[in-house]
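Visitor: Quick one: this structure, given as structure tokens, is what I'll be asking you about.
The values are calculated or read from the model by the stated rules, or taken from the named source; none is laboratory data. Keep in mind the model is a prediction, meaning the values are calculated, not measured. Positions of Cβ are generated from backbone atoms using ideal geometry, with glycine treated the same way; all protein chains shown enter the neighbour counts.
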Amino acid sequence: MSVALTRRHFGALAAALVVPVGLAHTQVIGTEAGTASRALGAFVRIDAGGQVSFRIGQSEMGQGIHTGLCMLLAEELDVPLAAVRYVNATGPEFKHPIAYAQPPLTGEQITGGSLSTRAYWLPLRRAAASARDQLLRAGAARWSVPEGECSTADGQVVHGPTGRRLAYGALVEAASQLAPADGQLLPLKPREAFKLIGQPTRRLDTLAKVQGQATFGIDVRVPGMAWATVRHAPAFGSRVASLDDKQARKRKGFIAAVPFSDGELNNGVVVVADSYWTAKQAAAELAVEWTPTPRDHVSSVGIEQRLRARLTEGEAVSARKEGDAAKVLAQAGRKLDVTYFAPYLAHATMEPMNCTASVKDGRCELWVPTQRPDNDREVAARASGIAATAVKVNVTFLGGGFGRRGDSDYVFQAVAASKAVGRPVQLIWSREEDIAHDYYRPAMMVRHEVALSPDGELQALRSRIAGPGIWRHNRPILVNKGLDALATAGLLEGLKAPNVTVEWAETAPDANIGFWRGVGNSHNVFFTDGLVDELAQLLQVDAIAYRKRLYANPRAHAVLDRVAAMVNWQAGPPPGRHFGVAYYEAGRWGTRVAQVAEISMAGGKVRVNKVSCVVDSGLIVNPNQALAQVQGATLFGLSAALHGRIEFQDGRVQQSNFHDYPVITLRDLPDVEVTFIEGADAPGSIGEIACPPVMAAVANAVSRATGQRVRSLPLSASGLA
Amino acid sequence: MSTSFQLNQRTVRTAAPADKPLLWVLREELGLVGTKFGCGAGICRACTVHVDSEAVPSCVTPLASVAGKKVTTIEGLSVGGVLDPVQRAWVAQDVPQCGYCQPGMVMASVALLRKNRRPTDADIEAAVPNICRCGTYHRIKAAVHQAAGELRGAA
């Protein structure tokens, strides 16, 4: 067999700048070391030694997608998982519309929406099947036997009748010369034949991560790099009025103070120096004056007042209208009229916002822990004046994303700084700047009005939700006929009545707002399931039985019955403890979730002892990581329900670090037990689904324990945590 | 002005300012990026290293305070490519998700198990106040117990 002397490139090869040797998690594709590789399709290269290289366009932020996608590839290609190496890649081939089948994420390279596994489930398997098909045909041709007598296993083509075998490495050069078959027409492996998919599988990056050898954005080192940090305008909408860096200039290692302005809500000064530490100290020594802004008067009290006013005043846009709820409510004898509130929330990823940028000779290169490389390109173009097509994005590991790392404000800042000082700059935000200048989960308030028949049937439901729209803020073109679907996502989802109205009363945001884990569902599941629980209490119906009545579908009943069995619901909680159940019909995510929180109250404060979860998200690719995601998201949502709150006074965010934005640690850890039911043959979404309902489960438990309905989060704001 | 200390069993000398936090000395002067920056206030503990075998938050540890002392970072834990038992337990339990907090978690756990090979859950909670936003805590606890068992068995 011959070793190919030339190699074919496929678009941009993205190299991790620091390449740990001998570790399985990432490796540069190419011929720098060892034998040449051949490309089979857009994603896959194989070298003469059988090493499979996989270009992945999805960012790894802890959700395990690198491992999951390698599993899909290895399964359909019939290679051992250990034979697959991968690298993060960016480029037009990762923008294809079928990768994210549901609008509005089509046409962009992005990791979000809990969509990666679902988006790649068919396209990646088809690509792998096509590559496998080329290899099989090459093997059959090599032996001059019919293709029908050949099969593949463990990285080899096998001739059944004679038992002859050829490794993929020996066939790949010939295979790459064959016209690939249409992946859509090739049969995929049936579920019964899966060897990898569905097996609990260790992550491919664990070894690197436990040795501190995974490269995050903050770990990138570029020759000649300077360090920087940012001081944002304290109130959103304020800009730099004057800047005096006289004092900072005296500090050894100070390089420059670079004011920046990107629209109304991204303004401040980047301080560049010979180290982050120098930059941080110099930043404190700047004398900056900021322009006044109307938001200088924003306070949490005022925010709630404004939301409350919008529940009854001004226009609202319809999200759902069946029958005539207004009419029925006006005449109803038996009614419920309740208001719920959820606050602004921060993401607080462990790795603070950062970006390394190099602007040089009409080109711009970024190294960034990002969920949206395409948006980074656009923003870098704006900051540098260089065309987006001349911006190269290198994606590192992300120290947490949760939806934050698609809003590229830090990219603008890093690029502006690099352009100003003429060398590469790594910009790192302090934790204080990170907490105070997030793209927050917005504060929302809802008024529910319910009309009941004398025997407790739902006659009418009207829910009016007040608050800002995230699409309006981030991508206004996606506001459809005045409705921002993110504001109402999950609100009364799955609930049926003869008359239903859901409407949105828009308000202007008080700060940058964005995508937090669960997005609109992160408040609307609490709003919806809290209402359901209130109704069950009012009607004196068992909380699980009531949900089964309202959500009369087999998948809902299956998860509710299972969670009841898990906690021995019929017997009730042990003495001194209380149950709260939540059900989440996550239709758009192809998922159903039921959770029961078991709590106790001590000194008026809640202690969450256990959360039992049942998840039906269809076919599970990697049960090991599915469990990790559900446990992790449960804790993420629980943390917010107990303590999460971003407050404003005089336009400034009051929280600054983990002492005043507390999050769950080992000390407060409840048991989290999870059961999976596979109610569909294809994967549903997992990453976010357990976050919204746990807030309702705990709030419902506290409501039952205290006899007073919890309609506002976090619990700590009411002294309940 | 220069400061000298033992770092992962070698003597190093640095001209960094005496008040510069050890975290940034490690990451910027000494090329060791395994120790992470999370809060700068000694709360999240992503920056945990060992100073004379004690787990300390390096982001609030001035360089001057480690002069002449023995500092170990995550890079110094596995010697000659052989994983520490705690790291082996981390792999067995497949603990990390994003992985950013994990070096600090491992360092805090190693320090605990050096002093106490029979930690209760309460002992672990007290010794590992580190924050994990991904919520890997259940596997961390299991891994610490697993490593403790292995260390007891090997003793």
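Visitor: I need every pair where a residue in the range A:46-73 that is at pLDDT 90 or above and part of a helix (DSSP H, G or I) has its Cβ under 7 Å from the Cβ of a residue that is surrounded by fewer than 24 Cβ atoms within 10 Å (Cβ to Cβ) and charged (D, E, K, R), sequence separation at least 6 or different chains.
Guide: Hits for this filter: A:LEU72/A:ARG125.
Visitor: Residues that are under 21 Å from A:SER408 (Cα atoms) and either within 14 Å of another protein chain (Cβ to nearest Cβ) or hydrophobic (A, V, I, L, M, F, W, C) (or both): find the strands (runs of 3 or more DSSP E) completely inside the range A:266-375 holding 1 or more of those.
Guide: Qualifying strands (runs of 3 or more DSSP E): A:267-273, A:354-360, A:363-368.
Visitor: So A:VAL608 fits all but one of (1) closer than 19 Å to A:THR528 by Cα; (2) more than 21 Å from the chain's Cα centre (by Cα); (3) β-branched (Val, Ile, Thr); (4) not in a helix (DSSP H, G or I); what number is the exception?
Guide: Condition not satisfied by A:VAL608: (1).
Visitor: Scan (1) more than 26 Å from B:GLY34 (Cβ to Cβ); (2) assigned to a loop (DSSP other than H, G, I, E, B); (3) modelled with pLDDT under 90 for the single condition A:ARG38 breaks and write down its number.
Guide: Result: A:ARG38 passes all but (2).
Visitor: For the structure I just gave you, tell me whether B:PHE5 is more than 12 Å from chain A (Cβ to nearest Cβ) and of a type in the set (Phe, Trp, Tyr).
Guide: Yes.
Visitor: State all residues of the range B:114-143 that are in a helix (DSSP H, G or I), more than 16 Å from A:THR206 (Cβ to Cβ) and touching a residue at least 40 places away in the same chain (Cβ under 8 Å); if no residue qualifies, say none.
Guide: If the condition is that a residue be in a helix (DSSP H, G or I), more than 16 Å from A:THR206 (Cβ to Cβ) and touching a residue at least 40 places away in the same chain (Cβ under 8 Å), then B:ARG114, B:ALA127 are the ones that fit.
Visitor: As an exercise: evaluate A:HIS659 against (1) within 30 Å of A:VAL301 (Cβ to Cβ); (2) away from chain B (no Cβ under 11 Å); (3) surrounded by fewer than 24 Cβ atoms within 10 Å (Cβ to Cβ) and give the number of the one condition it does not meet.
Guide: (2)
Visitor: Out of the residues in the range A:451-488 meeting the condition of being assigned to a loop (DSSP other than H, G, I, E, B) and farther than 27 Å from A:LEU329 by Cα, tell me which one is modelled with the highest pLDDT. Give the steps one after another, and end with the answer.
Guide: The first filter runs over the range A:451-488 and keeps only residues assigned to a loop (DSSP other than H, G, I, E, B), leaving A:453-457, A:468-469, A:475, A:479, A:481-482, A:484.
Applying the additional criterion that residues be farther than 27 Å from A:LEU329 by Cα yields A:469, A:475, A:479.
Details: A:GLY469: 98, A:ARG475: 89, A:VAL479: 95.
Applying the filter and picking the extreme gives A:GLY469.
Visitor: Moving on. In the set B:GLY104, B:GLY153, B:GLY135, which member is within 23 Å of B:LYS20 (Cβ to Cβ) and either more than 7 Å from every other protein chain (Cβ to nearest Cβ) or touching a Phe, Trp or Tyr at 6+ places or on another chain (Cβ under 9 Å) (or both)?
Guide: B:GLY104
Visitor: Report whether or not B:ALA111 is facing chain A (nearest Cβ under 10 Å) and not in a strand (DSSP E or B).
Guide: Criteria not met by B:ALA111.
Visitor: With A:ALA167, A:ALA226 as the choices, which residue is within 14 Å of chain B (Cβ to nearest Cβ) and of a type in the set (A, V, I, L, M)?
Guide: Numbers: A:ALA167 fails: within 14 Å of chain B (Cβ to nearest Cβ).
Unique residue meeting the criteria: A:ALA226.
Visitor: Right, next: Going by the conditions given, is B:VAL49 within 12 Å of another protein chain (Cβ to nearest Cβ), of a type outside the set (Phe, Trp, Tyr) and in a strand (DSSP E or B)?
Guide: Yes: the conditions hold for B:VAL49.
Visitor: Out of everything in the range A:634-656 that is closer than 16 Å to A:PRO714 by Cβ and outside any helix (DSSP H, G or I), what residue ends up being farthest from the other protein chains (Cβ to nearest Cβ)?
Guide: Of everything passing the filter in the range A:634-656, A:PHE648 is farthest from the other protein chains (Cβ to nearest Cβ).
Visitor: I would also like to ask the following. Looking only at residues in the range B:9-25 that are in contact (Cβ under 8 Å) with a residue 12 or more places away in the chain and in a strand (DSSP E or B), which one is farthest from B:ALA67 (Cα to Cα)?
Guide: Checking each candidate, the answer is B:PRO21.
Visitor: Report, by residue number, each residue of the range A:643-671 that is under 21 Å from the mean Cα position of the chain (by Cα) and aliphatic (A, V, I, L, M).
Guide: A:ILE646, A:VAL663, A:ILE664
Visitor: Is it the case, given these coordinates, that A:GLN213 is within 11 Å of chain B (Cβ to nearest Cβ) and either assigned to a loop (DSSP other than H, G, I, E, B) or surrounded by fewer than 16 Cβ atoms within 10 Å (Cβ to Cβ) (or both)? Write out each step before concluding.
Guide: On the way: within 11 Å of chain B (Cβ to nearest Cβ): yes; either assigned to a loop (DSSP other than H, G, I, E, B) or surrounded by fewer than 16 Cβ atoms within 10 Å (Cβ to Cβ) (or both): yes.
Here the answer is yes, as A:GLN213 does meet what is asked.
Visitor: Determine, yes or no, whether A:LEU171 is in contact (Cβ under 8 Å) with a residue 24 or more places away in the chain and closer than 30 Å to A:VAL368 by Cβ. So that I can check it myself, show each step before the final result.
Guide: Working: in contact (Cβ under 8 Å) with a residue 24 or more places away in the chain: yes; closer than 30 Å to A:VAL368 by Cβ: no.
Answer is no for this residue.
Visitor: For residues that are closer than 18 Å to A:VAL559 by Cα and surrounded by fewer than 24 Cβ atoms within 10 Å (Cβ to Cβ), tally how many sit in the range A:621-638.
Guide: 3
Visitor: Can you pull out the residues in the range B:103-155 that are closer than 17 Å to B:GLY42 by Cα and touching a Cys at 6+ places or on another chain (Cβ under 8 Å)?
Guide: B:GLY104, B:MET105, B:ASN130, B:ILE131, B:CYS132, B:ARG133
Visitor: Continuing with this model, one more query. Could you check A:MET601 against (1) surrounded by fewer than 23 Cβ atoms within 10 Å (Cβ to Cβ); (2) within 14 Å of chain B (Cβ to nearest Cβ) and say which number it fails?
Guide: In the conditions (1) surrounded by fewer than 23 Cβ atoms within 10 Å (Cβ to Cβ); (2) within 14 Å of chain B (Cβ to nearest Cβ), A:MET601 misses (2) alone.
Visitor: Would you confirm whether any residue within the range A:492-499 is away from chain B (no Cβ under 14 Å), part of a loop (DSSP other than H, G, I, E, B) and under 28 Å from A:PHE216 (Cβ atoms)?
Guide: No, because not a single residue in the range A:492-499 is away from chain B (no Cβ under 14 Å), part of a loop (DSSP other than H, G, I, E, B) and under 28 Å from A:PHE216 (Cβ atoms).
Visitor: Quick check: anything in the range B:77-87 hydrophobic (A, V, I, L, M, F, W, C), touching a residue at least 60 places away in the same chain (Cβ under 8 Å) and assigned to a helix (DSSP H, G or I)?
Guide: yes
Visitor: Just the residues that are over 16 Å from A:TYR584 (Cα atoms) and outside any loop (DSSP other than H, G, I, E, B), please, taken from the range A:537-554.
Guide: Once the filter is applied, which keeps residues that are over 16 Å from A:TYR584 (Cα atoms) and outside any loop (DSSP other than H, G, I, E, B), the range A:537-554 yields A:GLN537, A:LEU538.
Visitor: Inspect all residues belonging to the range A:230-252 and state whether any of them is over 23 Å from A:ASP296 (Cβ atoms), touching a residue at least 40 places away in the same chain (Cβ under 8 Å) and within 14 Å of chain B (Cβ to nearest Cβ).
Guide: no
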